[in-house]
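One structure is given below, encoded as structure tokens.
The values are calculated or read from the model by the stated rules, or taken from the named source; none is laboratory data. Keep in mind that what you see is a predicted model, and the values were worked out from it rather than measured. Counting neighbours? That spans all protein chains shown, and the Cβs are built from the backbone with ideal geometry, glycine included. Quick note on the areas: whole protein, heavy atoms, side chains included, nothing else; ligands and nucleic acids left out. Shrake-Rupley method; radii C 1.70, N 1.55, O 1.52, S 1.80 Å.
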Amino acid sequence: MQINEEQLVQVDTQIKRLIASENFYGRRLQEAGITGVATPEDFLTLPFSEKDDLRAAYPLGLSAVPQDQIVRIHSSSGTTGTPVIVPYTKKDVDDWAIQFARCYEYAGVTPEDRVQITPGYGLWTAGIGFQAGCELLGAMAIPMGPGNTEKQLQFMVDMQSTVLCATSSYALLLAEEVEKRGLRDKIALKRGIIGSERWSDSMRKSIADKLGIELFDIYGLTEVYGPGIGISCGKGEGMHIWDDFVYVEIIDPQTGENVPDGEWGEIVLTTLVKEGAPLIRFRTHDMSRIIPGVCACGSHHPRIDTLMGRSDDMIKIHGVNVFPRQIEEVLQEFPELSSEYQIRLSHLDGRDTMRIYVETNGSVDWQEMAKAVATKVRHRIGFTPLVKIVENGMLPRSEKKTKRVYDERYE
Ligand code: ZN
């Protein structure tokens, strides 16, 4: 995939606006001697940007318009250090809702639907994006926000919600509660729209089965509008990305070069029409690949695969690169194990060790099971981990992204 003529013109316009605004990007482009782009080759010479660059522009250094045109800000979850502030113009807010409404349409949501929104509202972009897209489409928004599982279930039953918007971990928690309380016959859910993160097929299956719904993966991040820049369509594999708003590249995280379509690498995003805080070649650290060819649904919007993880999730142990997804795929071969697991790395007696905690949902011989898992993992990644089987429900569920890897080697 290569940037097309129209996208190139849009990026060129963005660059000229950024330079004129003298914001963070404008200064950086100017320092690099860039005045515009005319060819796909020019585009590939543009410098990448990183979350740390955006942090350095705190608080409003990303803004590319006069302050009276900013109608809202969002902020990415700064778990460590300075947050990133993203300013939005009226057009940005509208464009985001247009993209989000398109996501709902791709997922088969109609004005008849009742959409229970559990992602958080506020500085975080999630909740309000789900809400604005829902209202633009004309469906009924039920703006629950996160947590309060009792109330979530009550509204799911009483309001007969037909669409659930959630993170995969919270959807699993709700699904388990619905099952535990025997509410399956009392709910009316048909679809789940799940915020993109790497989640396993077994977790997907567990949520779909327990709630009796079809699941869609939605993609996006605060730095680029928020969730809603793409969604899976239910026909083929992967998520369509709205390439009239965002241009997507996949690069080799080590060399920064574009990889051929079909190959895995890091997602890099460039906004095409964003006014408040345009982004040029923003490195997301999300790992995916372009799915070659046209989707069975007929849409010509390009597709990226379900996220493999984060480039910074990659574990280096015994000289081997390991992605949590590889461990996950081994665990999925055991139907007696639940979809929940945890990987802990530690340094004991001069040696790195990997412990895998995994839940069982059956009455299996735990020691035998641990041995069988360890053997399979060794075949897959080349060394033997310590495997501990724990009782179902022992590992933490979270309303946000569940942390799976704990690296305690250098603490
Ligand atoms: Zn499709």
Subset of the stretch 273-320 [among the aliphatic types (A, V, I, L, M), touching a residue at least 60 places away in the same chain (Cβ under 8 Å) and out of contact with any strand residue (DSSP E or B) (no Cβ under 6 Å at 6 or more places or on another chain)]: Val273, Ala296, Val320
task: Output the residue which, of all residues in the stretch 265-308 that are of a type in the set (Ser, Thr, Tyr) and either more than 28 Å from Arg28 (Cβ to Cβ) or within 14 Å of the ligand (Cβ to nearest atom) (or both), is surrounded by the fewest Cβ atoms within 10 Å (Cβ to Cβ).
output: Ser299
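Of Val358, Val390, Val377, Val364, which residue is surrounded by 13 or more Cβ atoms within 10 Å (Cβ to Cβ), at pLDDT below 90 and of a type in the set (Val, Ile, Thr)?
The unique qualifying residue is Val364.
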query: How many residues are more than 27 Å from the chain's Cα centre (by Cα) and open to solvent by 10 Å² or more (accessible area, probe 1.4 Å) if we restrict to the stretch 22-36?
result: 10
- prompt: Quick check: is even one residue across the stretch 1-21 under 25 Å from the mean Cα position of the chain (by Cα) and without any contact (Cβ under 8 Å) to a residue 60 or more places away in the chain?
  reply: yes
message: Can you say whether Ser311 is within 30 Å of Leu46 (Cα to Cα), touching a Lys or Arg at 6+ places or on another chain (Cβ under 9 Å), open to solvent by less than 50 Å² (accessible area, probe 1.4 Å) and more than 16 Å from the ligand (Cβ to nearest atom), as far as the supplied structure shows?
response: yes
message: Out of the helices (runs of 4 or more DSSP H) lying entirely within the stretch 113-210, which hold 1 or more residues that are touching a Lys or Arg at 6+ places or on another chain (Cβ under 6 Å)?
response: 149-158, 168-180
Residues of the stretch 248-275 classified as within 21 Å of Arg325 (Cβ to Cβ), out of contact with any Asp or Glu (no Cβ under 6 Å at 6 or more places or on another chain) and not in a loop (DSSP other than H, G, I, E, B), total: 3
- line: Screening Ile381, Ile356 for residues that are touching a Pro at 6+ places or on another chain (Cβ under 8 Å) and farther than 30 Å from Lys51 by Cα leaves only Ile356
query: Hey, Leu54 hits all of (1) open to solvent by less than 70 Å² (accessible area, probe 1.4 Å); (2) over 17 Å from Ile280 (Cβ atoms); (3) not in a loop (DSSP other than H, G, I, E, B) but one; which does it fall short on?
result: (2)
- prompt: Would you call Ser232 among the small types (Gly, Ala, Ser) and within 16 Å of the ligand (Cβ to nearest atom)?
  reply: yes
field: Residue check for Gly238: modelled with pLDDT under 95, in contact with a Lys or Arg (Cβ under 7 Å, 6 or more places away or on another chain) and within 16 Å of the ligand (Cβ to nearest atom)
entry: yes
Given (1) under 15 Å from Gly212 (Cβ atoms); (2) open to solvent by 50 Å² or more (accessible area, probe 1.4 Å), number of the condition Val178 does not satisfy: (2)
